[in-house]
Every structure is written in structure tokens, then in C-alpha cells.
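Take a look at the structure set out below.
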Amino acid sequence: MQKTVLFIEGDGIGAEVTRAAQPIINKAVEKAYGKERALEWKELLAGEKAFKETGEYLPQSTLDALRGAELAMKGPLTTPVGKGFRSLNVTMRQTLDLYACIRPIRYFDGIMSPVKRPDLVDMIVFRENTEDVYAGIEYASGTPEARKIIEFFRDQLGVNVDLSAGVGLKPMTPAGSKRLVRKALQHAVAQGKSSVTLVHKGNIMKYTEGGFREWGYEVARDEFADQFVTEKDSAGVTGKIVVKDRIADAMFQEVLIRPEQYSVIATTNLNGDYISDALAAQVGGLGLAPGVNMSDTLAFYEATHGTAPTIAGQDKANPGSLILCGAMLLDHIGWHEAAALIHNAMNKVISDKTVTVDLATQMEGARTVGTTEFGDLLGA
Ligand code: NAD
């Protein structure tokens, strides 16, 4: 059996981590299944490489190919600084309706962590990926659009806003929130997880963040009636998923102090952006944090770190994020034996303390190796 994976190499350290990750993922498949199964990698152009070859950062052909695909993977892409340039990542998420950003956070033995019991950290964040302030509906201070909106609010609704304000919209819909929470609940059911926590700022933004909380409970009630229990009714109940909610600022404290009480987290776009990076920092940083953006048809795995321009081309980058993306992909298609081989290899190399510089600085007595050697050790 062969599965096709489209890939975008990425900018900066992207090519290095992609080149390190693919052979390791291939090797795990071969070790697990011999010649019976294989991944076929097909490159798509995006970012600086695409610009050099086609004059466009995100060619239509790339979007078309992704639209018809089941599996894809990408290295990080630079967002060129300049007015009017939209992040390629955000554009792809919006265009392909990749509405769920899913990031597991798991501890590898031996890494220094800012939390007391990092071995208890085992969470997965489901972040809504297309709505919220990331919808990109904003107008600069002093523009006719911003003034018009403020005048409408002032004159029609009696709201007192300074005319010089920049203006942004935070659109959040019941449908958009519900499909994300549904995915989180489905994951909890399939994986036998103990809880799903809805994270929001509904105390301040009642109709957007508060809406998310309300719609989240609605999905649980309407679609998972037999499988969940609310936190307040959960005393003495076993075998059900506890659905609870936390206000985002309190949640940041909770995951540091009581990580063992949280398992699946479902949250809005901006909260999810912050909390997934903060959680990654508990378990070794972005170099070891995999992620996937999902639509109803496409699972698009991506390194969660950026292009790290200051270390690009120096054989210093940690390819761990993309390699663990590979393990997620293999689990997603049911090739669990191959995924387990990647996790085992990662466990072994990290516990042997032979790691890239980003991890070596977080481990006592570690030996620093380059991207290539780290990859070789993992693939051995
Ligand atoms: P960054 O993640 O590139 O770098 C932050 C820090 O982490 C730097 O010190 C960097 O050296 C280090 N780092 C990151 N990945 C590493 C790895 N794999 N191994 C070792 N060290 C690593 O974030 P940034 O500096 O804010 O952004 C740089 C560029 O990346 C920007 O153009 C930004 O738009 C882009 N970016 C892209 C994505 C994406 O494509 N998903 C995500 C974040 C940032």
C-alpha cells in the first residue's frame, strides 16, 4: 500500500529539517512493514523557493493540489515583512478551510522543564483556526474604513470610541466553534481521554469567547449525550469524559501548576496560539512540538516553529517537530507500528542526551550534535 504525502520544504531551516525528517519517517515505515507499505512524497512550491521559480509565493497550482489531497506536510514559511502581505500560513488555513489546528504536548524524559512534574504533561490542544481576530478583518488608524466603522458605532449605536482608533473584527460563529469542539470531543472519545476543557475569555468578550463556551457545551449535550458529564456532575462518575471550561488567563496558571488535570483542550484561535506555544515550552520547546491543520478532507502537518533565520544553513536546527509530525501522520492513517518506532527512537536519543543545540541547552550533561547527526541517530 502506498500513500501520497504532498510536501512544502519551507524557508530558512525548512529545507534542512525536511531533508532530515523524510528519511526517518520512510525508514520507520520500512522497518514496520517492509516493502508492503510506503509513503510517496511529492513536492509543492510555496514561499521563497516558489517565488524564485514562479514569481509567486503561493502559486495557484499549490493550492489546487492541496485542495484535492488527503495528506500534506510543510516546513516553516517566512512571512515577508511589508504592508499588505498576508502570512502564507494564514492564507492556506483560510483558503483550504483548515479549521482545526491540533497540537499534542508530550514530555520526553531528560529534558529540563519549568514545571515540577513534566512527566504528568500529556495534553492535546485543538485550536480553532479560521475565525477570531485571525480572520484578518482590520483597518488601520485614520483610514476612511476605520473612521466609517467608528462613526457608525458612535452615531447609530451610541458607543464612545476614539475616531483615531485602528479597528479589527473578531468574528466567531456557532458553526465555526462547534466543528472545532466536535473534533476535540471525537478525539477524546476515540482515545479514551478523561476530559475536554473549553478555554475562553467569555468573562470579558461575552458574545464571541462566551459564545464559544456556550456552543461547546451545546455540542457535548446534543451530540455526545451518553459520553460526557459536566464537571459539576462528575463526582463519582466513571467512564465518561468530563467537559469543563476555564477562563484563558486562569488556564495558563492551571497548566503550569496542575498539568495532570488537563487532557484535551479546545479553544479559540488567539488563545490557542498562545497556549500551544506555552505548553510546548514545558516539554522542550518548539523544536519538539508537532502539529496538524485539518479540514474535513486534508490533514496538513506542519513544523510549529518558524524559519529560524539566525541558524539557517548551519546544520543546527532541530528536525524533531517535523519528525514527530511524521509520527502523527502515521497514526492518523492507522500505521501505528511505524509511528511507535519514531516515538521510541526519539525517546532513546533524547534520553541518551545526544541532541541539537536548542535541547542541549535545556539538558544537563548533553552532547550537542548537528541536524544531520541527530537525524542519523534517530534513523539508526
Ligand atoms: P522561530 O520559531 O523561527 O524562532 C524562534 C527561536 O527558536 C529562535 O531562537 C530560533 O533559532 C529557535 N528555533 C526555532 N525552530 C528551531 C528548531 N527547529 N531548532 C532549533 N531552534 C529553533 O520564530 P520567529 O523568529 O518569530 O520567526 C521567524 C520567521 O518564521 C518569521 O518570518 C515568521 O513569520 C516565520 N514563522 C513561520 C511559522 C510557520 O511557518 N508555521 C511559524 C512561526 C514563525
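Place the peptides 320-331, 292-303 in order of packing, highest mean first, counting for every residue the other Cβ atoms within 10 Å and averaging per peptide. All intermediate terms of the calculation are to be shown ahead of the outcome.
Details: 320-331: 25.2, 292-303: 21.6.
Sorting 320-331, 292-303 by mean packing, highest first, produces 320-331, 292-303.
Taking Cα centroids, how far is the range 152-199 from the range 277-294 in Å?
Rounded to whole Å, the Cα centres lie 23 Å apart.
I want to verify a result. In a Gaussian network model of the chain, Cα cutoff 10 Å, which of these has the top mean-square fluctuation: 33, 134, 107?
Its mean-square fluctuation being the largest, the pick is 33.
Highest mean first, how do 25-32, 11-18, 282-289 rank when packing is the count of other Cβ atoms within 10 Å averaged over residues?
Details: 25-32: 19.6, 11-18: 25.0, 282-289: 22.8.
The packing order, highest mean first, is 11-18, 282-289, 25-32.
Dipole size in debye (nearest 20) for the range 152-308 around its Cα centre, Lys and Arg Cβ +1, Asp and Glu Cβ -1? The partial results should precede the final answer.
Values: 16 positive and 18 negative charges, 35 e Å.
About 160 debye.
Based on Cβ point charges of +1 for Lys and Arg and -1 for Asp and Glu, what charge dipole magnitude is obtained for the range 44-125 about its Cα centre, in debye rounded to the nearest 20?
Numbers: 11 positive and 9 negative charges, 61 e Å.
Around 300 debye, computed over the range 44-125.
Out of every Cα pair in the chain, what percent are spaced more than 39 Å from each other? Spell out each step's value before the answer.
On the way: 13667 of 72010 pairs.
In whole percent, the share of Cα-Cα pairs in the chain beyond 39 Å is 19.
Leaving out same-chain residues fewer than 8 places away, which lysines sit with a Cα under 19 Å from that of residue 49?
Hits, sequence-local ones excluded: 74.
Treating the beta-carbon of each Lys and Arg as +1 and of each Asp and Glu as -1, no other charges, what is the dipole magnitude of the range 121-175 about its Cα centre, to the nearest 20 debye? If you can, show how the numbers build up before the last one.
Values: 5 positive and 9 negative charges, 34 e Å.
So the magnitude is around 160 debye.
Taking only the alpha-carbon atoms of the range 170-263, what semi-axes of the equivalent ellipsoid follow from 5 times the gyration tensor eigenvalues under a square root, in whole Å, largest first? Kindly include the intermediate steps, with their values, before the conclusion.
On the way: eigenvalues 85, 60, 25 Å².
Semi-axes (√(5λ), whole Å): 21, 17, 11.
Using the beta-carbon distance between residue 15 and residue 162 and R0 = 56 Å, what value does 1/(1 + (r/R0)^6) give for FRET efficiency, to the nearest 0.05? Please list the in-between numbers first.
On the way: r = 47 Å, r/R0 = 0.83.
For residue 15 and residue 162, the calculated efficiency is 0.75.
So what is the 222 nm mean residue ellipticity for the chain from helices alone, if each DSSP H run of at least 4 adds -39500 (n - 2.57) and you divide by all residues, rounding to the nearest 500 deg cm²/dmol? Could the numbers behind the result be given before it?
On the way: 13 runs with 156 residues, N = 380.
The helix contribution divided over the chain gives -12500 deg cm²/dmol.
Nearest 0.05, what FRET efficiency do residue 223 and residue 310 give at R0 = 51 Å with Cβ-Cβ as r?
Details: r = 47 Å, r/R0 = 0.92.
That gives a FRET efficiency of 0.65.
Could you tell me how many cubic angstrom of Cα convex hull volume the range 196-242 has per residue? Before the final figure, lay out the partial values.
Numbers: hull volume 3.1 nm³, N = 47.
Dividing the Cα hull volume of the range 196-242 by its residues yields 66 Å³.
Rounded to two decimal places and with Rh computed the Kirkwood way over Cα pairs, what is Rg over Rh for the range 296-362?
Details: Rg = 13.8 Å, Rh = 13.4 Å.
Radius of gyration over Kirkwood radius for the range 296-362 works out to 1.03.
Taking the alpha-carbon distance from residue 232 and a cut-off under 20 Å, which aspartates and glutamates remain once sequence neighbours fewer than 8 residues away in the same chain are dropped?
Within the straight-line limit of under 20 Å, residue 232 reaches these aspartates and glutamates: 214, 218, 222, 223, 245, 254, 260.
Which shape class, rounded, prolate or oblate, goes with the range 267-380 when its Cα gyration tensor gives a ≥ b ≥ c as root eigenvalues, a/c under 1.5 marks rounded, and past that a/b bigger than b/c marks prolate? Spell out each step's value before the answer.
On the way: a/c = 1.81, a/b = 1.27, b/c = 1.43.
Note, shape of the range 267-380 comes out oblate.
Residue 41 to residue 344: extension gain in nm, 0.36 nm per residue of separation minus the Cα-Cα distance?
Values: separation 303, 0.36 × 303 = 109.08 nm, distance 2.34 nm.
So the chain would gain 106.7 nm between residue 41 and residue 344.
Values in this text are rule-based calculations from the coordinates and carry no lab data. Treat the numbers as computed from the prediction; the structure is a model and nothing was measured. FYI the Cβ positions are ideal-geometry reconstructions off the backbone, even for glycines, and counts take in every protein chain you see.
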